[in-house]
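What follows is calculated from the coordinates using simple rules that are stated; it is not laboratory data. Predicted model only: the values in this text are computed from it and were never measured. Please note: Cβ atoms are built from the backbone with ideal geometry, for glycine as well, and neighbour counts cover all protein chains shown.
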Amino acid sequence: MNRLFEIFIKNHDNVTDPEVRMSYGKFAGIVGIITNSFLTLIKIITGVLINSISILADGINNLTDATSSVITLVGFKLSALPEDKDHPYGHARIEYITGLIISVLVITVGIELGRSSIDKIIHPEEVTFNYIVVIILITAILLKLWQAVFYFAAGKKIDSTALKASGIDSRNDLVSTSLVLLGLIVSHYLDFNCDGYIGLLVSAFIIYSGIMLIKETSSPLLGEAPSEELVKNIRTIVESHDKVHGTHDLMVHNYGPGKVFASIHIEVNADEDILESHDLIDNIENEVYKKLKIQITGHMDPIKINDPIRNKVLEALSSKIDELDCVSNIHDLRIVPGPTHTNVIFDIVMEDGCKYTEKEILSWATKIVHEIDLKYFVVINFDKSYL
């Protein structure tokens, strides 16, 4: 497939370029329109000629696929529109909406096929068998196999939800056409008309796949968590700098392919020159964008790394944090002395579904800190993990 992309798409390897992404979407849409229109034509003609509801329905399914290819083509065109006053983060999420529309069309076809198949079971009609039809269906299966590989390759190349959805749809068509062929052969050789039953089985498979597609394509729109690989890459870049003493509160916002924004808190030595620390943050932000194409904002967190009291308290808490399996990342720890007591203030991250209450965690931390000094008063700011 890479050779095909190389021929028809200029700068095909520069997938972070919006123009290249749109070229992939345009090329995939055109390929889908041509191949699905061809399959629609031969299947509907075949279904009418041999009186097969399953083949006719499979042809209508391909007609829907051709429509989906048009939607993909339009979707990629719209998603490449630049930012405007009403949409300052661009229009890249239209690509996700395109995938969602395709998913709904898949389910609609499945429901309609199921209705027609039930009617065929109740009122069965003889299906005409001939080997030309078998050859036509085998050709359709091979073409759908190529189409699925093509969509998956293009979708993987540019990390496109819409193209991956089209790949899954093509895979479904491959299975459904194979079942139609199987039903035709069984009906002929076993003298049992299973055309309607095969159609119903295909419809159930299509509906299930459509539901899974909706789940997959709607997740980015709802705000899904970033991948572990992306989180690791961001932290690796940020923490590779010698003067960075830790990171926390990483948040990633996905507004569509090529439109990813993030923020992160970066711990630096409070005793360093503030202008030098600010320059460090700027350099980190530029490096992340250069390597990952992510617009990240770094929040500078100055910490007293040479404060022996702070370090002693932090070490005591960190050494026992494994006792709370749903609590992690103690950060922003600072010591605020007073005439009667000293405040130990820090943030702590609670994972989703944590079995401990905030009161229980506070009690746990207070017990550890009091082993150092009873005059220490613990104040915790509880954070939520967005990763």
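Calculate the length of the line joining the C-alpha centroid of region 182-219 to that of region 45-69, in whole Å.
Value for the Cα centre distance between the two parts: 13 Å.
Kindly express, to the nearest 10 degrees and within the range 0 to 90, the angle between helix 228-239's C-alpha long axis and the longest C-alpha principal axis of the chain.
Taking Cα atoms only, the helix is inclined about 30 degrees.
Which lysines, on any chain, are close to LYS355 with Cα under 23 Å apart, when same-chain ones fewer than 8 places away are left out?
The qualifying lysines are LYS320, LYS367, LYS384.
Report, in whole Å, the centroid distance computed from the Cα atoms of region 242-273 and region 334-372.
Using only Cα atoms, the two centres lie 24 Å from each other.
Suppose the chain between ILE345 and ALA204 were pulled fully straight at 0.36 nm per residue; how much longer would it get relative to their current alpha carbon spacing?
45.1 nm
With no other cysteine's Cβ closer than 4.7 Å, which Cys residues of the chain count as lacking a disulfide-compatible partner?
So, CYS194.
Give me the angle, in degrees from 0 to 90, between the Cα long axis of helix 94-122 and the longest principal axis of the Cα atoms of the chain, rounded to the nearest 10.
With both axes taken from Cα atoms, the answer is about 40 degrees.
In what sequence, highest mean first, do 41-47, 190-196 appear when ranked by Cβ atoms within 10 angstrom?
In decreasing order of mean packing, 41-47, 190-196 become 41-47, 190-196.
Tell me, what HN-Hα J-couplings in whole Hz come from the Karplus equation 6.51 cos²θ - 1.76 cosθ + 1.60 at θ = phi - 60° for each residue of region 342-347, using x for Gly and Pro?
Ordered by residue, 3J(HN,Hα) equals 10, 7, 9, 10, 7, 9 Hz.
Which part of region 225-259 falls in the paramagnetic zone of HIS278, meaning amide N under 16 Å from the point 7 Å along Cα-to-beta-carbon?
None, by backbone N distance to the label point.
Quick check on packing: order 326-335, 61-70 by the mean number of other C-beta atoms within 10 Å, highest mean leading.
61-70, 326-335
May I ask you to list the aspartates and glutamates whose Cα is less than 16 Å away from that of LYS77, ignoring any residue fewer than eight positions away on the same chain?
Leaving aside aspartates and glutamates fewer than 8 places away in the same chain, those within reach of LYS77 are ASP17, GLU19, GLU95.
In degrees between 0 and 90, to the nearest 10, how far off the longest principal axis of the chain does helix 308-320 point, with axes built from Cα atoms?
40 degrees
How large is the Kirkwood hydrodynamic radius of the chain, counting all unique pairs of alpha carbons, in Å?
Answer for the chain: a Kirkwood hydrodynamic radius of 25.0 Å.
Please list, ordered by chain and number, the residues whose modelled amide H lies under 5 Å from the amide H of ALA262; skip anything fewer than 5 residues away on the same chain.
Sorted by chain and number, the residues that satisfy this are HIS253, GLN295, ILE296, THR297.
For region 2-222, take N as its residue count and report Rg(C-alpha) divided by 2.2 N^0.38 Å.
Cα-based Rg divided by the globular estimate yields 1.09.
Can you give me the long-range amide H partners of GLY246? Hydrogens built in the peptide plane at 1.01 Å from N, cutoff under 5 Å, separation of 5 or more residues or another chain.
GLU267
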